[in-house]
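Taken together, the values in this text are just the output of simple stated rules run on the coordinates, not laboratory data. For clarity, every value in this text was computed on a predicted model and none was experimentally measured. A quick note on method: Cβ atoms are made from the backbone with ideal geometry, for glycine too, and the neighbour counts reach across all protein chains shown.
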Amino acid sequence: MPYKMTNKEVVLKLKEVLAAMEVKNLDRFRVRAYQIAISSIDGLTSSVYDLWENGKLDEIPGVGASLNQHLDELFATGKAKQFDAVMKDLPEGMFSLIGIRGVGAKTAFKLATAFKLNKRDTAIEKAKKAAESGKIRVLAGFGEKSEKDILESIENLKKTKQESSRMLLYQAEEIANRILEYMNKFEEVKDIKALGSLRRRASTVGDMDIAVATNKPKEVTDLFLKFPEIDEILDKGEKKCRVTLKNGVQVDFRVIDQLSFGAMIQYFTGSKQHNVILRTHALSIGMSLSEYGIKTGDKQEVFSNEDDFYKRIGLQYIPPEIRHGKEEVELAARGKIPRLVELSDIRGDVHTHTIASDGVNSIKDMVNAGIDLGYSYIGICDHSPSVQSRGKYEVLGLMQATRTTIEQINDSQDIIRVLFGYEVNILSDGTLSMPNEMLKKLDYCVASIHTSFDQDRDVVTKRMLLTLENPYVTVIGHPSGRLINQREACNLDWEKVFESAIKNNKILEINAQPSRLDLADDLVADAVKKGIRLMINTDAHSTGDLKLMKYGIDVARRGMCTKENLLNTLSRKDFVDNFVKEV
Ligand code: DGT
Ligand code: CA
Ligand code: CA
Ligand code: ZN
């Protein structure tokens, strides 16, 4: 079975090949071509692997015929002969070193050769020891300063590795689905659920927690231990075990009889903090909780479902997404948990890209996909064309052409209303990449930060406030600019941002891209309390991306959004009245 490589893994592989090419002084045009392909894949929001499955690798800018062929081989078989040939005869350890800031291919090669770094997993540790004992400074081409820099970079690398070891939610979901599919084939499995942070729909997941209801615990544990993706069994008992999968992910696995399944899934859904508060609440009414049930005095009650468990301790059911260990237990005791927003409440999506900028589908395709999802409105929102490079008249012409296409679609049917917007860049000084006189012609405008993310708090906050004050801005796209595991959020003063959003009646986006999920759930919770207008958009770059909406719903639910908190749950008329600027 081919393994689904992530874009990050593909980029890493290509970077290694590139490093080998550099060390071997191969043809500099080929080196340049790889550099272009790497940065192109790195910036891609859709999965290279998915593109490959759909025969669309050649649509990635910079991926030429030969690289296309190598990637095809890599995805189909897990290996590419050409890549292996280029990397052959080099010390393996150098490939671990190229991830270190400031260490290029040739430096990595020199270090790996000098210290015989032939293994990937020990290379960094050995290089660190060499630096600590002053052995790098004496090598030709190195000095005290470069030795110190290398040591510092290695220390930083360790920190980021620890922080980025959590999976994105959708990755955890894919792994869990494979486990569930495998286990569901066995009739001994009466019920099975993925729990922990995955069930709470957290944006990142540390390890996987799986529970099975069965009357044959030992058999079921043995069946699980034969799951083909298991790499190592870390811990094994009759009713639970812990394993590592080949992709490095750890899985906690438990079995329990059906009658107690409710208490078990409650316990292993967590969060730990939620369970602590729940136990305190239970104690206050003379009950004690465990994964086996509820004890009152000597009497132990079992629960096959979770609803009854919460009911028994006098609480309204608490959806997993809000089991944060904050105010939810107290709210449930007073019956004040609201109905959280659901995917079926969503009526449209207004942050979508087409082939006019960096998307892969046409306006028509996107609209049809919106119709398939049952939407009442969809906004076509490409990156605004550059007035600087194309000139004002060409851009006005493009805008007119898009407007005409959209009007034709709107005139030809009454299922979905298509709106015309642009996503404009918030430049580093807080001005926008398109002048107001042009923004005026749009139905709406999404303004987003795409550069200078690391400005000081005062500067970046001022930049955002200027944007919020612009009368032609409708929505702030992916407001914090974070990329999970890759880029920190901008250092914004959220108090001030929220205050200005209210004053200027602006909408903040919950961007549903799995590596963005921005606003993050805790900020959504604050925004909801302050009455900020919010909406979920997918930032789709293909028709398939429109389905990412559910990850935005997860974030919204974790921030305790009801339908009323999100603009794109409104009916078509109400939405258009509230959203489209008067022209
Ligand atoms: P993760 O894996 O870091 O994304 O986060 P969780 O929430 O999945 O945490 P994990 O895997 O350590 O534990 C899963 C659930 O099991 C946790 O949310 C609550 C329950 N649990 C595990 N260990 C303990 C514990 O020592 N005390 C309590 N009260 N609950 C625990
Ligand atoms: Ca977990
Ligand atoms: Ca766990
Ligand atoms: Zn976008």
**Request:** Please list, in chain and number order, the residues 5+ apart from residue 192 or on another chain whose amide H is under 5 Å from its amide H, with Hs placed from the backbone.
**Result:** 213
**Asked** From the square roots a ≥ b ≥ c of the eigenvalues of the alpha-carbon gyration tensor of segment 438-583, which class results: rounded (a/c under 1.5), prolate (a/b over b/c), or oblate?
**Response** rounded
**Item:** Amide H contacts under 5 Å for residue 417, placed H, 5+ residues apart
**Value:** 377, 378
**Part-to-part distance (alpha-carbon centres) for segment 364-413 and segment 105-179, which is given in Å** = 47 Å
**Request:** Report the antiparallel proportion of the DSSP beta bridges in segment 170-259 as a percent, rounded to a multiple of 5.
**Result:** 70 percent
**Prompt:** Quick one: 295, 119, fewest Cβ neighbours within 10 Å first, how do they rank?
**Reply:** 119, 295
**Request:** Work out the length of the dipole vector of the chain about its Cα centre, built from +1 on the beta-carbon of each Lys and Arg and -1 on the beta-carbon of each Asp and Glu, and round it to the nearest 20 debye.
**Result:** 1260 debye
**Item:** Per-peptide average of other Cβ atoms within 10 Å, ordering 28-38, 550-560, 258-268 highest first
**Value:** 550-560, 258-268, 28-38
**Message:** From the Cα trace of segment 480-521, what convex hull volume per residue do you get, rounded to a whole Å³?
**Reply:** 67 Å³
**Message:** Rounded to the nearest 20 debye, what is the charge dipole size of segment 7-163 about its Cα centre when +1 sits on each Lys and Arg Cβ and -1 on each Asp and Glu Cβ?
**Reply:** 760 debye
**Item:** Projected label distance in nm at residue 121 and residue 233, using a 7 Å step from Cα toward the beta-carbon
**Value:** 2.0 nm
**Request:** For an R0 of 30 angstrom, estimate the FRET efficiency from the Cβ-Cβ distance between residue 577 and residue 450 and round to the nearest 0.05.
**Result:** 0.50
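How much length, in nm to one decimal, is gained on full extension between residue 54 and residue 144, taken as 0.36 nm per residue of separation minus their Cα-Cα distance?
Values: separation 90, 0.36 × 90 = 32.40 nm, distance 5.15 nm.
Computed gain between residue 54 and residue 144 is 27.2 nm.
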**Prompt:** Tell me, what HN-Hα J-couplings in whole Hz come from the Karplus equation 6.51 cos²θ - 1.76 cosθ + 1.60 at θ = phi - 60° for each residue of segment 80-90, using x for Gly and Pro?
**Reply:** 10, 4, 4, 4, 4, 5, 5, 7, 5, 6, 9
**Request:** Mind listing the long-range amide H neighbours of residue 559? Cut-off is under 5 Å, sequence gap 5 or more, other chains count too, H placed in the peptide plane at 1.01 Å from N.
**Result:** none
**Message:** With an 8 Å Cα cut-off and a minimum separation of 6 or more residues, compute the relative contact order for the chain in percent.
**Reply:** 9 percent
**Message:** Based on the alpha-carbon set only, what is the convex hull volume of the chain divided per residue, in Å³?
**Reply:** 193 Å³
**Request:** Per residue of segment 71-79, in order, report the coupling 6.51 cos²θ - 1.76 cosθ + 1.60 (Karplus, θ = phi - 60°) as ³J(HN,Hα) in whole Hz, putting x for Gly and Pro.
**Result:** 5, 4, 5, 4, 6, 6, 10, x, 9
**Message:** Whole-Hz ³J(HN,Hα) for each residue in segment 344-351, computed from phi via Karplus 6.51 cos²θ - 1.76 cosθ + 1.60 with θ = phi - 60°, x for glycine and proline: what do you get?
**Reply:** 5, 7, 6, 10, x, 9, 10, 10
**Message:** Highest mean first, how do 413-422, 231-240 rank when packing is the count of other Cβ atoms within 10 Å averaged over residues?
**Reply:** 413-422, 231-240
**Request:** Indicate the gyration tensor shape class of segment 52-169 (rounded, prolate or oblate), computed on the Cα atoms with a ≥ b ≥ c the square roots of the eigenvalues: a/c under 1.5 is rounded; otherwise a/b larger than b/c is prolate and the rest oblate.
**Result:** prolate
**Complete:** Length gained if residue 288 through residue 165 is fully extended, taking 0.36 nm per residue and subtracting the Cα-Cα distance, is 40.8 nm
**Prompt:** What's the extension gain from residue 4 to residue 388 if we count 0.36 nm per residue and subtract their Cα-Cα distance?
**Reply:** 134.2 nm
**Prompt:** Hey, quick one: spin label on residue 316, modelled 7 Å out along Cα-Cβ, who in segment 264-304 has an amide N within reach, i.e. under 15 Å?
**Reply:** none
